[in-house]
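Engineer: Have a look at the structure that comes next, please.
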Amino acid sequence: MKKISLTGLQPTGIITLGNYIGAIKQMVGFQNDYDSYIFIADMHAITINQDPITLRKNIRSLVALYIACGIDPEKNTIYIQSDNPYVANISWLLECNTYYGELSRMTQFKEKSKKNANFTSGLLTYPVLMAADILSMHADIVPVGIDQKQHVELARDIAIRFNKKYKEIFTIPEPIINSDITKITDLQNPTKKMSKSSENQKGVISLLEDLDVIRKKIMSATTDSEMNIKYDPENKPGISNLINIYSSLSFKSREEVEQEFKNSNYGEFKKCVADIVIETVKNIQEKYNEILNSDYLNEILDKGSKKNIEISKKVYETMKDCIGIGRSNKTLD
Ligand code: TYM
């Protein structure tokens, strides 16, 4: 039997080149080897304020974008998190087995709560909902960007704790980080992650962005005052980020990229990075426009949700039996 791979993406705003390289591209690589689940984490999105009309639009758009990026609906189960009523219930049962201290120590929580003093409690419990996503589907591996690794590790801790306390019901998930790339950084501020929530969007590339704008953004990416195209993230974060982007999209190693551009100047290198990004994004956009308003998309989501609900309903019932809540008289030994 194939192992299970699972990952989610929030339908908030744009999907960046960072999401593509950090998560989606990796999933495309995994879809032949794993029983693969991919979902839209719309309940995670509402941990911060969202405009309902935009959110609704983004959910469908993201599914179309996944498929346009090469996620094959025949090989993956694709679904929307909120279609499943069991996941929030499972999350609650897990919350009652998670310590406040664990949640308040999460890096993402600390960073996001600092930004807005009026943060919701959902921002704190966010990683438990993630654990529910992962554990309810028996995921063996969870491909994520480095920023989500800590949350997957917490899901592991919660699973181990629950299994010990009650019964071995959860698979212990493992985060899979694309270690060759780790993270794609902001083109203007290359020591920071390329983030859809960044204040200055000049350093962020959206997969649905105008191609000329993408070229301009890459051509004006921050580099350094040297002239050599060398991978050195500490001293040359801008060039190293461009090497990562090029390396990932061309399927070449960093050393091959350094070799290929050893006689080029920064302008020439940036032009090649822009060309390969644009070629990739153009293909994605063409497919996206074909799929977005098709019935095919609804069929994929109906099929995905059905499977997701079936599996997690069983987990929920078993958890209730373990914990001793509900009507069932079943005791588990
Ligand atoms: P989200 O929507 O912030 O990001 C989706 C995925 O993209 C990765 N990522 C990046 N990787 C490399 N470089 C970047 N600049 C970059 N930006 C984002 C993220 O690490 C992530 O893998 N909480 C999750 C969604 C989620 C989830 C889950 C994931 C909900 N439940 C269960 C896995 C399993 C999130 O907000 O991802």
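The values are calculated or read from the model by the stated rules, or taken from the named source; none is laboratory data. All values reported here derive from a predicted model rather than from experimental measurement. When we count neighbours, we look across all protein chains shown, and the Cβ atoms used for this are built from the backbone with ideal geometry, even at glycine. Remember, those area values only see protein heavy atoms, side chains included, never the ligands or the DNA or RNA. Shrake-Rupley method; radii C 1.70, N 1.55, O 1.52, S 1.80 Å.
Engineer: Considering only helices (runs of 4 or more DSSP H) fully contained in region 103-166, which possess at least 3 residues that are open to solvent by 30 Å² or more (accessible area, probe 1.4 Å)? So that I can check it myself, show each step before the final result.
Structural biologist: On the way: elements: 107-115, 121-135, 149-165.
Helices (runs of 4 or more DSSP H) meeting the threshold: 107-115, 149-165.
Engineer: Any residue in region 191-199 that is open to solvent by 30 Å² or more (accessible area, probe 1.4 Å), touching a residue at least 24 places away in the same chain (Cβ under 8 Å) and in a helix (DSSP H, G or I)?
Structural biologist: Checked region 191-199: no residue is open to solvent by 30 Å² or more (accessible area, probe 1.4 Å), touching a residue at least 24 places away in the same chain (Cβ under 8 Å) and in a helix (DSSP H, G or I).
Engineer: Please count how many residues of region 273-289 are touching a helix residue (DSSP H, G or I) at 6+ places or on another chain (Cβ under 7 Å) and either under 21 Å from THR222 (Cα atoms) or exposed (fewer than 14 other Cβ atoms within 10 Å of the Cβ) (or both). Please lay out each step first, then the result.
Structural biologist: Taking region 273-289 first, the residues touching a helix residue (DSSP H, G or I) at 6+ places or on another chain (Cβ under 7 Å) are 273-274, 276-278, 280-282, 284, 287-288.
Adding the requirement that they be either under 21 Å from THR222 (Cα atoms) or exposed (fewer than 14 other Cβ atoms within 10 Å of the Cβ) (or both) leaves 273-274, 276-278, 282.
The qualifying residues number 6.
Engineer: For LEU208, work out the one condition from (1) over 22 Å from CYS272 (Cβ atoms); (2) aliphatic (A, V, I, L, M); (3) under 16 Å from the mean Cα position of the chain (by Cα) it doesn't fulfil.
Structural biologist: The one condition LEU208 does not meet is (3).
Engineer: Only residues in region 37-56 that are not assigned by TED's automatic domain parsing to the domain that holds ASN116 count as the first member; pair them with residues that are more than 9 Å from the ligand (Cβ to nearest atom), Cβ under 7 angstrom, at least 6 apart or cross-chain, and list the lot.
Structural biologist: none
Engineer: Can you name the number of the only condition in (1) under 28 Å from ALA68 (Cα atoms); (2) open to solvent by 80 Å² or more (accessible area, probe 1.4 Å); (3) assigned to a helix (DSSP H, G or I) that GLU268 fails?
Structural biologist: (1)
Engineer: Looking at region 239-265 only, could you name the residues that are under 20 Å from LYS217 (Cα atoms), part of a helix (DSSP H, G or I) and more than 23 Å from the chain's Cα centre (by Cα)?
Structural biologist: The one that is under 20 Å from LYS217 (Cα atoms), part of a helix (DSSP H, G or I) and more than 23 Å from the chain's Cα centre (by Cα): ILE239.
Engineer: Could you check PRO233 against (1) under 22 Å from GLN10 (Cβ atoms); (2) assigned by TED's automatic domain parsing to the domain that holds LYS282; (3) not polar (S, T, N, Q) and say which number it fails?
Structural biologist: Result: PRO233 fails condition (1) only.
Engineer: Restricting to region 227-237, what's the tally of residues that are under 19 Å from ALA274 (Cα atoms) and surrounded by fewer than 13 Cβ atoms within 10 Å (Cβ to Cβ)?
Structural biologist: 1
Residues are listed down the side, and each one gets a yes or a no for (1) more than 10 Å from the ligand (Cβ to nearest atom); (2) closer than 22 Å to SER197 by Cα; (3) without any contact (Cβ under 8 Å) to a residue 12 or more places away in the chain:
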site: PHE109; (1), (2), (3): yes, yes, no
site: THR120; (1), (2), (3): yes, yes, no
site: VAL128; (1), (2), (3): yes, no, no
site: VAL142; (1), (2), (3): no, no, no
site: ILE146; (1), (2), (3): no, yes, no
site: GLN150; (1), (2), (3): yes, yes, no
site: ALA159; (1), (2), (3): yes, no, no
site: TYR166; (1), (2), (3): yes, no, no
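Engineer: Quickly run through region 304-333 and pick out the residues that are over 17 Å from ILE134 (Cβ atoms), touching a residue at least 60 places away in the same chain (Cβ under 8 Å) and part of a helix (DSSP H, G or I).
Structural biologist: Within region 304-333, SER305, LYS320, CYS322, ILE323 meet the criteria.
Engineer: Name the residue, out of ASP224, ASP210, that is surrounded by fewer than 19 Cβ atoms within 10 Å (Cβ to Cβ), under 19 Å from TYR20 (Cα atoms) and acidic (Asp, Glu). Write out each step before concluding.
Structural biologist: Numbers: ASP224 fails: under 19 Å from TYR20 (Cα atoms).
Matching residue, one of ASP224, ASP210: ASP210.
Engineer: Within region 251-261, can one find any residue that is open to solvent by less than 20 Å² (accessible area, probe 1.4 Å) and modelled with pLDDT of 95 or more?
Structural biologist: Yes: region 251-261 contains one or more residues that are open to solvent by less than 20 Å² (accessible area, probe 1.4 Å) and modelled with pLDDT of 95 or more.
Engineer: Then there is this: Across region 168-177, which residue is farthest from the chain's Cα centre (by Cα) among those that are open to solvent by less than 70 Å² (accessible area, probe 1.4 Å) and of a type outside the set (Ser, Thr, Tyr)? Spell out how you get there, then give the answer.
Structural biologist: Kept after step one, since they are open to solvent by less than 70 Å² (accessible area, probe 1.4 Å), are these residues of region 168-177: 169-173, 175-177.
Within this subset, residues satisfying the condition of being of a type outside the set (Ser, Thr, Tyr) are 169-170, 172-173, 175-177.
Numbers: ILE169: 25, PHE170: 22, ILE172: 19, PRO173: 16, PRO175: 12, ILE176: 11, ILE177: 11 Å.
Selected residue: ILE169.
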